[in-house]
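Peer 1: Okay, here's the structure, questions in a sec.
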Amino acid sequence: MTLRRLAAVGGALALFGMGMLPTNTLGQECSGLRPRGGRWVASAELYLDRAARPHPPDERRDLYQQALDVLAEGFVQQPENPQNYLLAGRAYDGLGDYVGADSVWRKAEEMWSCYHGKIDTLRYRAWTQAFNRGVGYYRQGEIERAAEEYESAYTVYDRLPQPMLQLGNIYAQQATSAESEEDRTQLQQQAIEAFETAMATMEHAERLSLEDRLQFSRAGYFNLAQLLAFQQRYEEAARAYEAFLAQEAGNVAALSNAAVVLTRAARQTASQAQELEEGPEKEALLAKSDSLQDVATHYYDQLLTREDLEANDYHNVGIGLSQIGLHTQAAEAFGKALELQPYRANSLEDLGLALFYGQQYDTLLTVAQKLVERYPLSENNLNLLASAYRELDDTQIALELLERRNDLNVELPDQHLQLEAGEGVFTVTGVLRNINLEPGSSVELVFDFYDDLGELVASAPLTVDAPEQGASVQFSVSVESAAPISGFTYKLADG
């Protein structure tokens, strides 16, 4: 069962305005060294005021640098004046040195507690400018420069999660196209660290509305969980999904994914236990594995009792239940998928397997007969039907079916058959294996396509030239349809 994706935070969040929080400190008790003037403060303010006016970029940078040079002298001559450090932060900000700005603003606030509100506002203003530049670069496709600006934004103001969410997305996207496994792993780890930082920041994001905080938190936890799962850190992934579900309890993708990673965590833990000798440590790991599996089963049970899922959802639930050996419940899930899409080939095939492993042979007989009727060139389907008859003590028919399997000249392995949907175009892809035909012989088939009501929508012929005996050849067959198509069958053209 694969992990399902949820829409992540977009590639570039909306730009932010320059609004500021009030900085009034009336009535607030201040501690530390009281700010005061001085020639260094006066000179720096003059340079900063001039820099705030329209100037060419080079001249503006020179003015910020002159202010910083003056204040550097003030640090030495008047080290007890926090005003020097406050103004130096503005100069560093103007120069785009956010590490420097962060450093001196921290110093200023340590020296004079009532600077908190003012510095918070200055930091947010710098954050806004850097973040918006990052958004602009991202939209222009300049990803590296965007990442640098997001880093700068978070450096200067670490009380908003958006830059780290954006960095997480960038690293996760880069990981998908990494040239080596080492690079992929490293980028995934960088993305994980960015999302973890964003989630930790959420607790202090007073400037965010509750709605935005929940939106960013959900996206961050979901993306974090997927990345942890990719690195096989399944227990951590489960905790991230659980944090997501605490905010959106009924989300199908999160419930399904949480069940998947918990199942994998249980197997991982059980595997670790098997490497140990008998004793308390092994028993503890096995108990932990059982506990993880119980939680996974709980999630699957939640999904199975719902009546609002799509066929894909029920199918994925069935896969998960099969993996943990709950074949009766898996059969129920595949059955619900088929109620919604009666000609869904993979659900019918997996239903047959669930019934076989669950020893429900009477029901299996009906399902396997349907499989052989719809997909007659599958050795697996003929084997399944023969097994059903054998288990029901009808050995003669079982032997006849095995002979029919042995008489096949070609096979269409069901594991390779896939239905793909495009814009008004539906395509079945698969593989034809030549068992006993003369190479170059034509195999003529007819594919029928069905909608969610089980109604025939379209048919299409297919001719495949047989490859060398024992070899396979890929094929595809397509139809156009305004109505959605969710299933298919095939038969020999002369059959």
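Peer 1: Using helices alone, I'd like the mean residue ellipticity at 222 nm for the chain: each DSSP H run of four-plus residues gives -39500 (n - 2.57), total over residue count, nearest 500.
Peer 2: -20000 deg cm²/dmol
Peer 1: A further question on this structure: Just the number: Rg to Rh for segment 414-492, Cα atoms, Kirkwood Rh, two decimals.
Peer 2: 1.02
Peer 1: A further question follows. In debye, nearest 20: dipole of segment 39-239 around its Cα centre with unit charges on the Cβ of K, R (+) and D, E (-)?
Peer 2: My answer is approximately 640 debye.
Peer 1: A further question on this structure: Given 0.36 nm per residue, what is the gain on full extension from residue 442 to residue 52 after removing their alpha carbon distance, in nm?
Peer 2: 132.5 nm
Peer 1: From the backbone phi of segment 152-161, what are the Karplus-calculated ³J(HN,Hα) couplings (6.51 cos²θ - 1.76 cosθ + 1.60, θ = phi - 60°) in whole Hz, Gly and Pro given as x?
Peer 2: Result, ordered by residue: 4, 4, 6, 4, 7, 8, 9, 10, 9, x Hz.
Peer 1: How large is the dipole of segment 414-492 about the Cα centre if only Lys and Arg carry +1 and Asp and Glu carry -1, each at its Cβ, rounded to the nearest 20 debye?
Peer 2: It works out to roughly 220 debye.
Peer 1: Rounded to the nearest 20 debye, what is the charge dipole size of the chain about its Cα centre when +1 sits on each Lys and Arg Cβ and -1 on each Asp and Glu Cβ?
Peer 2: In debye, rounded to 20, the chain gives about 2360.
Peer 1: If you compute Kirkwood radius over Cα pairs in Å for the structure shown, which of (i) 23.8; (ii) 27.8; (iii) 26.1 do you land on?
Peer 2: It is the value labelled (ii).
Peer 1: Another one. Hey, which aspartates and glutamates would be in cross-link range of residue 336, C-alpha to C-alpha under 15 Å, not counting anything within fewer than 8 residues on its own chain?
Peer 2: Correct list for residue 336: 301, 307, 308, 310, 313, 349, 350, 452.
Peer 1: Given 285, 76, 337, which one lies farthest toward the positive end of the charge dipole of the chain, if we put +1 on the Cβ of every Lys and Arg and -1 on the Cβ of every Asp and Glu?
Peer 2: 76
Peer 1: To the nearest 0.05, what FRET efficiency results for residue 394 and residue 493 with a Förster distance of 41 Å applied to their C-beta separation?
Peer 2: It comes out at approximately 0.85.
Peer 1: Cα gyration tensor of segment 23-147, axes a ≥ b ≥ c as square roots of the eigenvalues: rounded (a/c below 1.5), prolate (a/b > b/c) or oblate?
Peer 2: Judged from the Cα gyration tensor, segment 23-147 comes out oblate (a/c at least 1.5, b/c at or above a/b).
Peer 1: Something else: With unit charges on the beta carbon (Lys/Arg positive, Asp/Glu negative), name the residue among 187, 138, 56 whose Cα is farthest towards the positive pole of the charge dipole of segment 39-239.
Peer 2: Of the candidates, 56 comes out farthest on the positive side.
Any read-out appearing in this document is the output of simple, stated calculations on the displayed coordinates, not a laboratory observation. All values reported here derive from a predicted model rather than from experimental measurement. Cβ coordinates were reconstructed from backbone atoms using ideal geometry, including for glycine residues, and neighbour counts include every protein chain displayed.
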